[in-house]
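Worksheet: the structure to be examined is printed underneath.
The values are calculated or read from the model by the stated rules, or taken from the named source; none is laboratory data. Bear in mind the structure is a predicted one, so any value in this text is a computation, not a measurement. Cβ atoms come from the backbone with ideal geometry, glycine included; neighbour counts cover every protein chain shown.
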Amino acid sequence: MRTGYSVEKVRAAERELMARLPDGALMARAAAGLAAACAGLLDRVYGARVALIVGSGDNGGDALYAGARLARRGAGVSAVLLAPERTHPGGLAA
């Protein structure tokens, strides 16, 4: 059985962690986990093609940072920005 968490519970947990961690550490962890999960779905990372569908805010930042990690491992990564004017600036720079 799968379970889920309400938005309020997730945001409360994130606030608690962000108060204890260095700035950006939670996003780095999320991006590393996402990149690892994606790599596990690919036959190989080097030479693979990956498309990111990127929303605004921190979730979009997670996707962009994960894409950057995959690109450093040799994947060709492209991104579709759903809200370019609200794309996470740090993730976009990565």
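Of all residue pairs spaced 6 or more apart or on separate chains, those with beta-carbon atoms under 9 Å, a first member in the range 14-41 that is more than 10 Å from Tyr65 (Cα to Cα) and a second member that is among the β-branched types (Val, Ile, Thr) and at pLDDT 95 or above are Cys38/Val45; Cys38/Val50; Ala39/Val45.
Cβ separations smaller than 7 Å between residues 6+ apart or across chains give the following pairs from the range 65-94 residues that are small (Gly, Ala, Ser) to residues that are modelled with pLDDT under 95 and outside any helix (DSSP H, G or I): Ala68/Ala94; Ala83/Gly55; Ala83/Ser56. Filtering the range 74-93 to residues that are buried (at least 16 other Cβ atoms within 10 Å of the Cβ) and either outside any loop (DSSP other than H, G, I, E, B) or not polar (S, T, N, Q) (or both) leaves Ala75, Val77, Ala79, Leu81, His88, Gly91, Leu92.
Would you confirm whether or not the range 45-66 contains a residue that is in a helix (DSSP H, G or I), out of contact with any Cys (no Cβ under 8 Å at 6 or more places or on another chain) and exposed (fewer than 12 other Cβ atoms within 10 Å of the Cβ)? No, that holds for no residue. When restricted to residues that are under 16 Å from the mean Cα position of the chain (by Cα) and either at pLDDT below 95 or under 15 Å from Ala94 (Cα atoms) (or both), the range 35-50 contains 1.
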